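One structure below.
The values are calculated or read from the model by the stated rules, or taken from the named source; none is laboratory data. For clarity, every value in this text was computed on a predicted model and none was experimentally measured. Glycine also receives a Cβ, built like all others from the backbone with ideal geometry; neighbour counts cover every protein chain displayed.
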């Protein structure tokens, strides 16, 4: 179908778009190059003012932008509005702190003076996913624009209206023409962009194959790339944990965005001593979830974003069950219009099944029992992914070992994994390279320039 808004609650084609021509793309690249030459000279206080105005617009129109996201990819409206509010937060965070983050760093050497300065690179290509149509863009754009870079957005093809709305929002906030542009193009036109001298670097959030494709193109052209890819995050619960708090967080973490987020808790690793109680409480919570129209404020779980995502998830569940897993609740698509899947819990996950080796992108919890701390850590690390990990315990020794030994870009103790503008975010292993957010994310697309003066 190409570039189109298709309501996943109904299957209705809302609006279609033609990809831009090669000439139009070339014009946009020229505009970005010209804009960068001027924009990098603009004082950081002015950039911060525009970013604050972007935050103002996000907050003033959060219901409008939230509804747009819900129609395009199906997230519950209350979550969509919260996403817009979080975008305003990241804008204000970098508007408030970027100047301090970018201050020259003096370093004592044998020179009369030596220091490090931080300068923009140019036009940064952002290849962004559909699951958080606004947040994924703003968590890249806010720091990149504050450094003095300009942005080129290739958004997912099923959220074109969100992509265009973000470009218009930043223009309305005061950013000059060409500083942030949306490119309505297909995935096949991304790799050639990396060979273009007008593109300085790239960032991608998405699947492993998409990340590898971009990394290959970036490597062939010796350009910087930041990748935030998949995850199969462990959620470990030990006997000393506050069980009710852990269960509540488990439900929230697994069902965020209808289960379609890389940092959702996916593998629930529970100590044998409390496994029965945890499973019972989790099942009760799953059974009480309201699945339905995501535009209704009382809805907890909406549809998956596309028919293919629904088909892939159903295949994974069926294959895992066929190899010996047990269904506690759910385990099937819902018999209704749209791309809905029942909230599902699987236990007794066998080796060599999708439940052991693959990321499940939907409302499916995979439960595992372990006998001790060593078993919990070993199982948590037995994955190709390393994005986030959540561990629940009130034992000091266990806390220390989880912090030290869990192989992940983030470890949250007695809390669910989440992104926060104040903290760097990213993964290891096949979950990606580089960091977003925090000061570390700001500097990913900066020339860290050494100055030595005698």
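Quick check on segment 177-195: of everything there that is touching a strand residue (DSSP E or B) at 6+ places or on another chain (Cβ under 9 Å) and surrounded by fewer than 18 Cβ atoms within 10 Å (Cβ to Cβ), which residue is nearest to residue 434 (Cα to Cα)?
Of segment 177-195, the ones touching a strand residue (DSSP E or B) at 6+ places or on another chain (Cβ under 9 Å) are 178-187, 189-190, 193-194.
Now narrow it down to the ones that are surrounded by fewer than 18 Cβ atoms within 10 Å (Cβ to Cβ): 186-187, 189.
On the way: 186: 25, 187: 22, 189: 23 Å.
It comes out as 187.
Considered as a group, the residues in segment 226-242 that are in a strand (DSSP E or B) and over 16 Å from the mean Cα position of the chain (by Cα) include one that is surrounded by the most Cβ atoms within 10 Å (Cβ to Cβ), and that residue is 234. Residues being in a strand (DSSP E or B), at pLDDT 95 or above and in contact with a strand residue (DSSP E or B) (Cβ under 9 Å, 6 or more places away or on another chain) are represented in segment 134-151 by at least one member. Residue pairs whose Cβ atoms lie under 6 Å apart, sitting 6 or more positions apart in sequence or on different chains, and linking a residue in segment 295-315 that is farther than 16 Å from residue 255 by Cα to a partner that is at pLDDT 95 or above and surrounded by 23 or more Cβ atoms within 10 Å (Cβ to Cβ), are 295/70; 307/339. Please tell me if residue 168 is under 28 Å from residue 67 (Cα atoms) and in a strand (DSSP E or B). It is false that residue 168 is under 28 Å from residue 67 (Cα atoms) and in a strand (DSSP E or B). Filter segment 1-27 for residues that are assigned to a helix (DSSP H, G or I) and either under 26 Å from the mean Cα position of the chain (by Cα) or touching a residue at least 60 places away in the same chain (Cβ under 8 Å) (or both) and give the result. The one that is assigned to a helix (DSSP H, G or I) and either under 26 Å from the mean Cα position of the chain (by Cα) or touching a residue at least 60 places away in the same chain (Cβ under 8 Å) (or both): 25.
Any residue at all in segment 24-37 that is closer than 18 Å to residue 128 by Cβ and touching a helix residue (DSSP H, G or I) at 6+ places or on another chain (Cβ under 6 Å)? So far as segment 24-37 goes, no, none of its residues is closer than 18 Å to residue 128 by Cβ and touching a helix residue (DSSP H, G or I) at 6+ places or on another chain (Cβ under 6 Å).
Within segment 255-265, does at least one residue satisfy the condition of being surrounded by 24 or more Cβ atoms within 10 Å (Cβ to Cβ), part of a strand (DSSP E or B) and in the same structural domain as residue 383 (by TED's automatic domain parsing)? Within segment 255-265 (the criterion being surrounded by 24 or more Cβ atoms within 10 Å (Cβ to Cβ), part of a strand (DSSP E or B) and in the same structural domain as residue 383 (by TED's automatic domain parsing)), the answer is yes, since at least one residue qualifies. Scanning segment 334-348 for residues that are farther than 17 Å from residue 254 by Cα and surrounded by fewer than 20 Cβ atoms within 10 Å (Cβ to Cβ) returns 334, 335, 336, 337, 348. Annotation note: of 80, 48, 32, 54, the sole residue that is within 30 Å of residue 102 (Cβ to Cβ), surrounded by 20 or more Cβ atoms within 10 Å (Cβ to Cβ) and under 21 Å from the mean Cα position of the chain (by Cα) is 54.
Which of the strands (runs of 3 or more DSSP E) contained wholly in segment 344-454 include at least 1 residues that are more than 26 Å from the chain's Cα centre (by Cα)? Give the steps one after another, and end with the answer.
Details: elements: 344-347, 364-370, 388-392, 410-413, 446-453.
Where strands (runs of 3 or more DSSP E) fall fully within segment 344-454 and carry at least 1 residues being more than 26 Å from the chain's Cα centre (by Cα), they are 344-347, 364-370, 446-453.
Looking at segment 197-220 only, could you name the residues that are buried (at least 16 other Cβ atoms within 10 Å of the Cβ) and assigned to a loop (DSSP other than H, G, I, E, B)? Break it down into steps so the answer makes sense when it comes.
Within segment 197-220, the first condition is being buried (at least 16 other Cβ atoms within 10 Å of the Cβ), and the residues that meet it are 198-206, 208, 210-211, 213-215, 217-218.
The answer is 198, 199, 200, 206.
So for segment 296-308 (the condition being in a helix (DSSP H, G or I) and more than 24 Å from the chain's Cα centre (by Cα)), does at least one residue qualify? No - not one qualifying residue is present in segment 296-308.
Could you tell me whether residue 363 is buried (at least 23 other Cβ atoms within 10 Å of the Cβ) and more than 28 Å from residue 401 (Cα to Cα)? Give the steps one after another, and end with the answer.
Values: buried (at least 23 other Cβ atoms within 10 Å of the Cβ): yes; more than 28 Å from residue 401 (Cα to Cα): yes.
It is true that residue 363 is buried (at least 23 other Cβ atoms within 10 Å of the Cβ) and more than 28 Å from residue 401 (Cα to Cα).
When residues in segment 90-119 are screened for being in a helix (DSSP H, G or I) and either in contact with a strand residue (DSSP E or B) (Cβ under 7 Å, 6 or more places away or on another chain) or surrounded by fewer than 18 Cβ atoms within 10 Å (Cβ to Cβ) (or both), 3 of them pass.
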